[in-house]
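A short worksheet on the structure shown next.
The values are calculated or read from the model by the stated rules, or taken from the named source; none is laboratory data. On a predicted model such as this, the values are computed, not experimentally measured, just so you know. Here the Cβ positions follow ideal geometry from the backbone for every residue, glycine too, while neighbour counts run over all protein chains shown.
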Amino acid sequence: MKIMVIGGGGREHAIIKKIKENPNVTEIFALPGNGGIAADATCVAIGAKDIAGAVAFAKENAIDFAVVAPDDPLVLGMVDALEEAGIPAFGPKANAAIIEGSKVFSKNLMKKYGIPTATYEVFENAKDALSYLENAPIPTVIKADGLALGKGVIIAMSREEATDAVRSIMEDKVFGASGNRIVVEEFLTGPEVSVLAFTDGKTLIPMVSSMDHKRAHDGDEGLNTGGMGTVAPNPYYTKAIADECMDKIFLPTMAAMNAEGRTFRGCLYFGLMLTPNGPKVIEYNCRFGDPETQVVLPLLESDLLTVMQAVANGTLSDVDVRFRDGAACCVIVASKGYPVKYESGFPMLLPPDEKESFIYVAGAKKADDGTLLSAGGRVLGVTAVKDNLEEAIAAAYAMTEKVKFENGFYRHDIGAKALAAKK
Ligand code: AMP
Ligand code: GLY
């Protein structure tokens, strides 16, 4: 079978390595992939948002199955276009990907169907938002409606920060049209949990839970990033909480999307906060999380391609989705200065993969002489899978220390909070 994976980050590398385990897979193409992914797939210079390019490539190369991993092409309708061209694909159609593509949509969905989330108001112009903020409780949270490269959420600790956020999103349009509308919502507190789930619209199977580390520096200091590391499972996510989430959040969300005529097939990501008043949805994503995927998929014992095909075919209830016991840790190595200003093009020397420790490459280019050069903010995801969390963290850091990459930095406390919670 010939497989095509859209995207070119650490998440896509993790998906590709897992799909490769299926003995029927003869070739995997990554569009566009990256210099590190090139070790496991044939990289093709077609951008992840190039729908016409991907469809044409799939037809020319008789692709048997496509996996669309990033949010942009899903929201733009790449799965719709592939299916219309007769190419089976994993991922939601555009009318379901809107669950991530519009925060106004997802908040209204949760309200309509009684799914627990922060209370909120929607504003279509700065004047109304600013007047609301004169008396709104502080801290408050301001969210641009549309996609904003993971930067569209501002936690305002003061009234001034809140009004600044509204002005920059709605007047200065720092996120472009994504800021034509905003959500202003209640500030919630509690541990955060990421849960990815396979669903074909009839069955929903949650994967092992995980914990992201969004801030750039140790001790949760510094700016928000795309994610500086992950562990799985998340110790805050007990069996009782998992059952509650299934009943009050996961299944109701699947049913709500069906009721709206927007059946979701793919990986639905629940960003949850375990508040004193129970678990609440912070955000939905219409795709695998990055870097959550880098700790969740290595724990998957079942065959990923089989599960993805079942999701696409609507036969998820027929397949086995099993995770191994144990734990995984992923330490992101980023370019110095990330997430603000950083340089690319530094040579890297990576230790070879071992059975339970391996590196997913998020941003790299191959030089003409074969040297791997850093490219982008997040560069590597050094991952280990072990029988328990302590060992997984130790092994991930042991491998991270073997990476030779002068311009790299990483957090030293990935998993520390999870370990403390376990004790
Ligand atoms: P997002 O970009 O949607 O992943 O949000 C980024 C981060 O903002 C989340 O991981 C939370 O830590 C935080 N956040 C989002 N919404 C809220 C909220 N209502 N209350 C408190 N923190 C929030
Ligand atoms: N790690 C959060 C995300 O993928 O959006």
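Assorted remarks:
- Some residue of the range 239-258 being among the hydroxyl-bearing types (Ser, Thr, Tyr), at negative phi and at pLDDT below 95: no
- Long-range neighbours under 8 Å by Cβ, at least six apart or interchain, first residue surrounded by fewer than 21 Cβ atoms within 10 Å (Cβ to Cβ) within the range 382-400, second hydroxyl-bearing (Ser, Thr, Tyr) and in a loop (DSSP other than H, G, I, E, B): none
- Per-region count, the range 343-381, residues free of Cβ contacts under 8 Å to residues at least 60 places away in the same chain and in contact with a Gly (Cβ under 7 Å, 6 or more places away or on another chain): 4
- Subset of the range 287-313 [farther than 29 Å from Asn224 by Cα and either within 11 Å of ligand 2 (Cβ to nearest atom) or within 18 Å of the chain's Cα centre (by Cα) (or both)]: Leu304, Met308
- Residue match in the range 227-238 (condition: under 17 Å from the mean Cα position of the chain (by Cα) and of a type in the set (Val, Ile, Thr)): yes
- Taking residues in the range 236-262 that are among the aromatic types (Phe, Trp, Tyr), and partners anywhere that are part of a helix (DSSP H, G or I), the pairs with Cβ atoms closer than 7 Å and at least 6 places apart or on different chains are Tyr236/Ala421.
- Verdict on Ala420 being exposed (fewer than 14 other Cβ atoms within 10 Å of the Cβ), small (Gly, Ala, Ser) and farther than 30 Å from Tyr236 by Cα: no
- Residue in the range 171-194 that is on the phi > 0 side of the Ramachandran plot, within 16 Å of ligand 1 (Cβ to nearest atom) and in contact with a Ser or Thr (Cβ under 6 Å, 6 or more places away or on another chain) present: yes
- Test set (1) in a loop (DSSP other than H, G, I, E, B); (2) under 24 Å from the mean Cα position of the chain (by Cα) - Asp369 fails condition number: (2)
- Any pair with Cβ under 7 angstrom, 6 or more apart, that starts in the range 210-227 at a residue that is more than 13 Å from ligand 1 (Cβ to nearest atom) and ends at one that is of a type in the set (A, V, I, L, M, F, W, C) and at pLDDT below 95: Ala216/Leu223
- Among the numbered conditions (1) touching a residue at least 12 places away in the same chain (Cβ under 8 Å); (2) touching a strand residue (DSSP E or B) at 6+ places or on another chain (Cβ under 9 Å), the only one that Gly201 does not meet is (2).
- For beta carbons closer than 8 Å, sequence separation of 6+ or different chains, a first residue in the range 93-111 that is over 17 Å from Ala177 (Cβ atoms) and a second that is acidic (Asp, Glu) and within 15 Å of ligand 1 (Cβ to nearest atom), the qualifying pairs are Ser106/Glu100; Ser106/Glu283; Lys107/Glu185.
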